[in-house]
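Q: Pasting a structure here, questions to come.
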Amino acid sequence: MTVRAYDWIAHHARTNGGDVATVDLHEKRSLTYREFDQRIGRLASWLRQAGVGRGERAAILAQNCTDFFELQFACARLGAIFVPLNWRLTVPELRFIVGDAAPRVLIHDPEFAEAAQALRLAFPETTLLARCGATSDYERALASVEPLPAAAWEEVTHDDVSTIMYTSGTTGHPKGAMITHGMTFWNVVNLGMPAEISSATVFVAVLPLFHTGGLNCYSNPVFHAGGRVLVPRSFDPGETLRMFADPEVGLTHFFGVPAHYQFLLQHPDFEGTDLSGLRVAGVGGAPMPVPLLEAWLARGVALIQGYGMTETSPGVLCLDRRDAARKIGSAGKPLLHTETRVVDERGVDVPRGEMGELWVRGPNITPGYWNRPDANKASFTDGWLHTGDAARVDEEGYYYIVDRTKDMYISGGENVYPAEVESVLYQLPQLAEAAIIGVPDERWGEVGKAIVALKPGQALSAEQIIDHCRENLARYKLPRYVEFVEVLPRTASGKVHKPTLRQSFGKV
């Protein structure tokens, strides 16, 4: 049965139009649902005049701003496809993505004008529209047209593609995961209940909005419920802590990757910040070190751990706050409208407690990759998506994400999952950041190398680090080498970028 997708913002404009929908903290601009709806309608009109129709793509290259959401919802009214671009990529990397998605329009920040012009030269059929500020091309475009009337909106269904989101390319070129309207809706349902999202929710979106976490954990669920989304241009630990404690802001929800919680914990204002107003704090994107979980729990904040990926829109697993202490380190159980399995290399379910690859199926799973039938064939088996993540399930049905399967290395015939070793490293209070990679070894095949960054003013030797691991890990899991760095390389979403570490430190 084909299910029609509905316009959330138009609904809230009719029913609670005076409520604040979103606040651009950088631009110091607050929009009610009625104003938000009008701007989305004007952008839809302008895009249609620019040749963006059903199935066409419109891209944005900008740091976090409320325009991301305006473009997302305007595309939906046209039956068009929203393409958020990672502004941290180089022009050659962007050139591949733009060539693959072939957007009719590219909206960009002035600071990315040089990159946008380079893309325009490569793809002259793409129209550029600069944004930022009351006198920008973007604002003039919106002022030049009337909102597209509802009678002119395209009818879209849950099966229609709404977004193409390019996954970080750890090998070769990135792949464009197709996100349907249905995937986004089912993610709203899957995450909305455990995160207790309602019209009273006030959420700050610190993850980049070109990333599935920025859009869907929890921005889109909050819009669906009629709540409020605050948008800072970038993440600032001190400013975030200030918002946590400010009753006028009224912040109720936060979501970040482990790095965000690490940076907040290390900020000098952390211990003195009142966190009592924070109802829900979610974490995902990478395995959360147990010491970090314990440190936040000691401040009375039981982090909602979860697991997901771009291709799953992204929610798959969630740990209820009531189990945060009892099942510390678990990613929880499958969300309501999602199926999961843990399988061996033959695709056969493994017994409880054993390690395997996590497979996922459900209405929140991507139908495939844009222009990549080869990747679709390799990534699915009978409708089950191969996540590439190593997991195990305990006797009570709780899932533990051990690591990326591709990040695993084999030492002396034993599988070593870096996240397990990294969790032990984070027990050392002198460490600011840590990561483990496998490096070649003549005797054992591979051994571990720890790449660590110390907190300012702290001292720690390689021998002390290895001795600490020796007390807490089996011998084959011990890092053989330690490299000290100022800071670890990270992706735009805050994850440690292991390919860069392997390139820089992968030799003995």
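Q: With the Cα gyration tensor of segment 308-419 in hand, convert its eigenvalues to equivalent ellipsoid semi-axes via √(5λ) and list them largest first in whole Å.
A: Value: 23, 19, 12 Å, ordered largest first.
Q: Where does segment 338-493 land on Rg/Rh, using Cα atoms and the Kirkwood Rh?
A: 1.03
Q: Which length gain, in nm to one decimal place, applies between residue 461 and residue 2 when the Cα-Cα distance is subtracted from 0.36 nm times their residue separation?
A: So the chain would gain 159.1 nm between residue 461 and residue 2.
Q: What does the highest-first list of 458-464, 156-162 look like by mean Cβ count within 10 Å?
A: Put in order of decreasing packing, that is 156-162, 458-464.
Q: Students often forget the sequence filter, so: which lysines lie under 19 Å Cα-Cα from residue 327 once same-chain residues fewer than 8 apart are removed?
A: Here the lysines satisfying the reach criterion relative to residue 327 do not exist.
Q: Let me ask another. Rank by packing, highest mean first: peptides 327-336, 22-31, 221-230, with packing defined as the count of other Cβ atoms within 10 Å averaged across residues.
A: So the order, starting with the most tightly packed, is 221-230, 327-336, 22-31.
Q: Compute the separation of the alpha-carbon centres of segment 248-293 and segment 19-86 and state it in Å as a whole number.
A: Spelled out, the Cα-based centre of one part sits 29 Å from the other.
Q: Sort all Cα-Cα distances of segment 143-225 into consecutive 5 angstrom bins from zero, then give the percent of pairs in each bin up to the one containing the longest distance.
A: For segment 143-225, the binned pair fractions read 3, 12, 17, 19, 17, 17, 10, 4, 1, 0 percent.
Q: Same structure again: Which lysines, if any, have their Cα less than 16 Å from the Cα of residue 175, not counting same-chain residues under 8 positions apart?
A: Of all the lysines, those that pass the test against residue 175 - Cα under 16 Å, at least 8 places apart if same chain - are 377.
Q: By Kyte-Doolittle mean hydropathy of at least -1.0 and Cα axial length of at least 20 Å, which whole DSSP H helices of the chain are selected?
A: none
Q: On to the next question. On the first, second and third principal axes, largest extent first, how far apart are the outermost C-alpha atoms of segment 408-505 in Å?
A: Sorted largest first, the three principal extents are 37, 31, 19 Å.
Q: Can you grab the distance from the C-alpha centre of segment 135-197 to the C-alpha centre of segment 337-383, Å, no decimals?
A: That distance is 24 Å.
Q: Separate question: As a check on your grasp of the helix formula, calculate [θ] at 222 nm for the chain: sum -39500 (n - 2.57) over DSSP H runs of n ≥ 4, divide by the residue count, round to the nearest 500.
A: For the chain, the value works out to -8500 deg cm²/dmol.
Q: Less than 16 Å apart at the alpha-carbon level, and either on another chain or at least 8 residues along: which lysines does that give for residue 507?
A: Residue 507 reaches 449, 498.
Q: Quick one: divide the alpha-carbon radius of gyration of the chain by 2.2 N^0.38 Å and tell me what you get.
A: 0.97
Q: Measuring from label point to label point, each 7 Å out along Cα→Cβ, what is the residue 325 to residue 415 span in nm?
A: 3.3
Bear in mind these aren't lab numbers, they're just calculated from the coordinates by the rules spelled out. Just so it is clear, the structure is predicted and the values come from calculations on it, not from any experiment. No Cβ is skipped: glycine too gets one built from the backbone with ideal geometry, and neighbour counts run over all protein chains shown.
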